[in-house]
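Structure first, commentary second.
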Amino acid sequence: MSATATGPLGGQRILLCVGGGIAAYKALELVRRLRDAGASVQVAMTAGAQQFVTPLSFQALSGHPARTTLWDSAAEQAMGHLELARWADRVVVAPATADLLARLAHGLADDLVTTLCLATEAPLSVAPAMNHRMWRHPATVANVALLRSRGVQVIGPDDGPLAEGESGPGRLSEPDAIVDGLAGAPAAGRTPATGLLQGLKVVVSAGPTYEDLDPVRYLGNRSSGKMGFAVAASAARQGAQVVLVAGPVQLETPPGVQRVDVRSAAQMREAVAAALPADVYIGAAAVADYTPRAFSPDKIKKTGTGETLALDLVRTPDILAEVARQEDAGLKLVVGFAAETTNVADYARQKLEAKRLDLIVANRVGVPGAGFESDDNAMTAYWPGGERDFPAAPKVRLADGLVELVAERLGA
Ligand code: CTP
C-alpha cells in the first residue's frame, strides 16, 4: 500500500492529528483510506487518543512513527515538530473532540497536536466526534463557528447511534466521506493541473554508489540520498513524470515517483541511460569517482599483503557529463550537484563549464548542520550569468526552491 500521484489526494502530505474519543479507532481506517487515495500520512496523537489506540498501530499503517508528545527528543531529532508542521500540505484532525475543537478555536498550544495546528500554515480540516449534547452545546457551536470563520473545513459529524447508546449528531464521518471531503478542498501549494513541471519528464539520480571490492567489502560514501529524494518528490508535486535512480539508501519512495534501485556507478549509468529521453536530468547522486579495477570473487585476505594494502582503482564514467553531451536525449536542462569543502563558487563554476551543465547546485560539506546526512542544508545554484543563494533550510524546502528555479531556467 503506497502513495500514488493518481488518487484524489495524489502526492499530498497529510498530517493526521488524532483526538481522544472512542472514534479514534476509525482514524486507523482513515490512514489506510488516505494512503489509498494517494497521500503520504504522518500521525500525531493527543494523550487522550493514546488511551483508545496505540501509536504502534498508526506507525504500522502510516509507515512512520506516530508522534505523541512535544517532549520526545529522539522524535524531535528525526523531524522537529515545526518541521512536521511545515511538511504538511494539509492538517486533518479526526476525531476532533469538543475539547480539542475548543483548544483549536482559542489558539492554545498546550500539547503536540494543538502546537502543530497553530504552527502550520497548511489548511486545517476537522472531523468532529462527540456526544450529541456536547455537539449542540452553545460553547461547541461557538467554537465551530469561530473555526469556520477562519477557513477551517468542518467534515461531519454524522447523525446516528452514538457510543453511549444514545443517538444524534456526533458520529465521526466515515473514513471514505472524510477522504471525499478532503479531495474537494484545496491543500497548501497544490497546483495539480498547472504544476510548474506539468507534462515534463524529469530523471533524478540520488544517493551514493557502492563499488564492490569482494563479496563482503565495498567502497562507498556518506550520501543519504535525502536531497535527491526531496527533489524527486518536489518535481512530482509540480506535475512532472519522475524517474528516480537511487543508489543504496534507506528512504521511502516519494509519492508518484517511479524508482529504479541500483548499487554501483556502472549500474547507475545504465539505469539513467534507460530512463532517457527526458526533459530534465538532475544528477544529485554522489557517484563514486573510482571503482576497483577488478572485483575479487573471493574475500581478500590480509595474509601476504603485509602492513599496507594498495587498491587498484579506475575512474568511473562521469554520468552527468555524458548525459549533458548526449544530443539525442531531448534534454532541455541538465543539473549537477557539487559538494565542496573549500572555494565552493570557483569549483562549482568550473564544473558547470567542464561538464557543460545548465545549472549546478553547490553546497559546502564538512560543516555541522548541513551536507550529506543532515536534514538541513544551505546551497547556492550557479548558471551561466547568474546565481541564487538558498539559505539554510530543511532539504524538503530547498528542493521546492530548486524545482522552482529549474522551472524558471526552463522558461529562460
Ligand atoms: N557525477 C556523475 N558521475 C560520476 C561522478 C559525478 O554523474 N562518475 C555527478 C554527480 O551526480 C554530481 C556531480 O557529478 O552531480 C559531482 O561532480 P564531481 O566532479 O564528481 O564532484 P566531485 O566528486 O566532488 O569531484 P571532485 O572530487 O573533482 O571535486
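Values quoted throughout were computed directly from the atomic coordinates according to the rules given, and no laboratory measurement underlies them. Owing to the predicted nature of the structure, the values given are computational and were not obtained by experimental measurement. As a convention, Cβ positions derive from the backbone with ideal geometry for all residues, glycine included, and neighbour counts pool all protein chains shown.
Relative contact order, whole percent, for the chain stands at 12, derived from Cα pairs under 8 Å and 6 or more residues apart.
Comparing mean-square fluctuations of Pro297, Pro161, Pro255 from a GNM of the chain with C-alpha springs under 10 Å, the top value falls on Pro297. Given +1 at the Cβ of Lys and Arg, -1 at the Cβ of Asp and Glu and no other charges, the dipole of the stretch 13-183 around its Cα centre is 200 debye to the nearest 20.
Straight-distance candidates among the lysines for linking to Lys355, with alpha-carbon spacing under 20 Å and chain neighbours fewer than 8 residues away dropped: Lys332. Can you give the log10 of the normalised intensity I(q)/I(0) at q = 0.06, 0.13 Å⁻¹, computed with Debye over equal Cα scatterers of the chain? Values returned for q = 0.06, 0.13 Å⁻¹ are -0.30, -1.06.
Label-to-label distance, Ile22 versus Ala345, with points set 7 angstrom from Cα along the beta-carbon direction: 6.7 nm. For Leu213, the residues 5 or more places off, or on other chains, whose built amide H falls under 5 Å of its own are Tyr218, Leu219. For Leu359, the residues whose modelled amide H falls within less than 5 Å of its own, excluding neighbours fewer than 5 places apart on the same chain, are Val334, Gly336. Taking θ as phi - 60° and the Karplus parameters 6.51, -1.76 and 1.60, the scalar couplings of the stretch 308-320 work out to 10, 9, 9, 9, 8, 10, 10, 5, 8, x, 7, 4, 4 Hz in sequence order, x denoting glycine and proline. Can you bin the stretch 1-129 into rounded, prolate or oblate? Criterion: square roots of the alpha carbon gyration tensor eigenvalues sorted a ≥ b ≥ c, rounded for a/c under 1.5, prolate for a/b above b/c, oblate for the rest. Because its axes are fairly even, with a/c under 1.5, the stretch 1-129 counts as rounded. A convex hull fitted around the alpha carbon atoms of the stretch 133-262 yields 189 Å³ per residue.
When each full DSSP H helix of the chain is screened for a Cα extent of at least 20 Å along its own axis and an average Kyte-Doolittle hydropathy of at least -1.0, the helices passing are 395-411. Bridgeable lysines around Lys226 (alpha carbons under 23 Å apart, same-chain partners fewer than 8 residues away excluded): Lys201, Lys351, Lys395.
Using the Cα centre of the stretch 13-183 as origin and beta-carbon charges of +1 (Lys, Arg) and -1 (Asp, Glu), tell me which of Ser149, Gln50, Ala60 is placed farthest towards the positive end of the dipole. The residue sitting farthest along the positive end of the dipole is Ser149.
Converting phi to 3J(HN,Hα) with the Karplus coefficients 6.51, -1.76 and 1.60 and the offset θ = phi - 60°, the stretch 151-162 yields x, 6, 7, 10, 9, x, x, 7, 9, x, x, 10 Hz in sequence order, with x at every glycine or proline. Packing-based ranking of 238-247, 332-341 yields 238-247, 332-341, ordered from highest to lowest mean Cβ neighbour count within 10 Å.
In deg cm²/dmol, rounded to 500, what helix-only [θ] at 222 nm does the chain give when every DSSP H run of at least 4 residues adds -39500 (n - 2.57) and the total is split over its residues?
Calculated from helices alone, the mean residue ellipticity at 222 nm is -9500 deg cm²/dmol.
Amide H to amide H distances under 5 Å link Asp376 with Lys395, where only residues 5 or more positions off or on other chains count and H is placed in the peptide plane.
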